[in-house]
Amino acid sequence: MPEQRADRPAKAVFFIALATLMYYFLTQILELRVYISYRHLFALAIVFCTFVYFLVRPDLPRAAAAVKSGLALSVPLLVMTTASLPVWFLERTDFEMISRGLSYNIIAFNQATAMFAAVSFLFLFGERGVWYNLIAVLCANLLMIATIMVENGVGPYLNELWTLIRTFAGETGQIIVEAEIHELAFCLGVYLVYMFLWPKRQPWFFALLGAAGFCFLSAFKRIAMAAIAAALAMGWLLRLLEKRWPPKRLIRFIQVITLIGLLLLFLYVAAVKLGAFSFLEEIGIDTKGRADAYEQVSPFYQISPAFLGNGMGFLTYQINETENLHLPMAAIHNDFLLMYIDLGFWGYLLWLLSFATLRIWYFARQGKAAEAVNTFTLVAYMLLVSTTDNTMSYPLVHTCLGILIAGHGFDGRVEEERRRLARRVALANGTALETDPW
């Protein structure tokens, strides 16, 4: 149903405001019978308001494209839950530990909700929703930075920012460290990869790029910078191949190198088990406590197909709720090791395939080479930043990842759904005419 022009700005402002609140309240928790994060509540509010809008102004093809994308992006959470159920049953896991895993992954930080909040923006605004979501991220981040500037002064903030950049984080002041907002930095990292991979020659694009760059540099996450550089190097190479190779050949090539990358992530966990980070410490590389942390969690897993895992949330429970571990950090900063310990050999394999291979296959169907390049590059960034950080536990990063994967070519998929629906209606009408006795 066509929109009235008068309600477009109001609708955009309303949903951008909701998303800004989602990105602003990063650590606040609402305590009811269970703990639920504010960002999860605002994500649910976005999904609910989008559903109400659909009831008022239904658009079935657009809804179908959005919901299918949301379901495809949510499969990793389904894998995590499914892989945990037999372990909990066979091991007769304590209910407290099961509750911890379910509440953390389903109630507090639900990645599926994050993905459906992302595709809600696509349903409401089409591919423009990609940029409306970025505006919300920037509004939240700039508001945080403005608060720091008000408290400490603009001049001191900018001086420390320049020192941070000039020394490549070798010197970090007391003021600028407050702007190191990890989750939003990784969110902006996803966007920077996308914006450099698919640049636009329009003033609004450069304005958003400049604001995103400023906020990202204020946080100055070096692992994110390295991941951006590596992901873009691969993305730009694939874009060159896209001009020279047939789409199906390029997509097959992307799937092959994705599988090779997933094999390397298996070997990465094995290397951690064998003491790779301890070796780095021995040769003089500071791992920021990771070597000690990985040595402490080593008894919880084996590198073997017979290792079925401990159930999702197990390692988080051990770190936060027991006295078994005395880590030099609040988390192990290695999402792949965490997933392997929780999900086991086969659960970890299925999780990797659902996170990378399935997404590339789904969005590259029917020979969509550009979507294959886009999905691979963004997933590569996410996998790279997760090797030494706990990025997978940030639901808002999944929101940005989801909207950028599903948003690229979304309007085209909506048109495909419209044609598919029109064919079904025509077929139904034709059948009705053939069987009508009159």
Item checked: Residues in the stretch 358-381 that a label on residue 82 would reach, taking backbone N under 19 Å of a point 7 Å out along Cα→Cβ -> 358-363
Checklist line | Nonlocal amide H pairs with residue 30, under 5 Å, H built at 1.01 Å | finding: 36, 37, 38
Note to self: Helix-only mean residue ellipticity at 222 nm, the chain, DSSP H runs n ≥ 4 weighted -39,500 (n - 2.57), per residue, nearest 500. What is it?
What the structure shows: -24000 deg cm²/dmol
Checklist line | Protein accessible area in the stretch 191-284, 1.4 Å probe - carbon and sulfur % | finding: 71
Note to self: Using DSSP to call loops (not H, G, I, E or B), can you name the trypsin sites (Lys or Arg not before Pro) in the stretch 355-409 whose Cβ has at most 12 other Cβ atoms within 10 angstrom?
What the structure shows: none
Notebook entry, point to check: Which GluC sites (Glu not before Pro) does the stretch 95-194 hold that lie in a coil by DSSP with at most 14 other beta carbons within 10 Å?
Noted result: 171
Checklist line | Cβ-defined net charge surrounding residue 116, 15 Å radius [Lys, Arg +1; Asp, Glu -1] | finding: +3
Next item on the list: Could you pull out the pairs from 221/273; 68/248; 200/243; 200/368 whose alpha carbons sit more than 24 Å apart here?
Entry: 221/273
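Please work out whether the stretch 1-86 counts as rounded, prolate or oblate from its C-alpha gyration tensor, where a ≥ b ≥ c are the square roots of the eigenvalues and a/c under 1.5 means rounded, while otherwise a/b larger than b/c means prolate and anything else oblate?
oblate
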Checklist line | Calculated FRET efficiency for the pair residue 48/residue 281, C-beta based, R₀ 51 Å, to 0.05 | finding: 0.55
Checklist line | Cα gyration tensor category, rounded, prolate or oblate, for the stretch 1-147 with a/c compared to 1.5 | finding: oblate
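Quick one: pull the percent of accessible area on the stretch 1-145 belonging to carbon and sulfur, 1.4 Å probe, ligands and nucleic acids left out.
Summing carbon and sulfur atoms, their accessible area is 70 percent of the total for the stretch 1-145.
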Note to self: Probe of 1.4 angstrom, ligands and nucleic acids ignored: what's the accessible area per residue over the chain, in square angstrom?
What the structure shows: 47
Checklist line | Linear extension gain, residue 429 paired with residue 34, 0.36 nm per residue minus alpha-carbon span | finding: 137.1 nm
Check: Within a Cβ distance under 10 Å of residue 164, other residues only, what is the Lys/Arg minus Asp/Glu net charge?
Finding: -2
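The values are calculated or read from the model by the stated rules, or taken from the named source; none is laboratory data. The model shown is predicted, which means the values in this text are computed figures rather than measured ones. Note: ideal-geometry Cβ built from the backbone for every residue, glycine included; neighbour counts use all protein chains shown. Ligands, DNA and RNA are stripped out before the accessible areas are found, and what is left, the full protein with its side chains, is counted by its heavy atoms. Shrake-Rupley method; radii C 1.70, N 1.55, O 1.52, S 1.80 Å.
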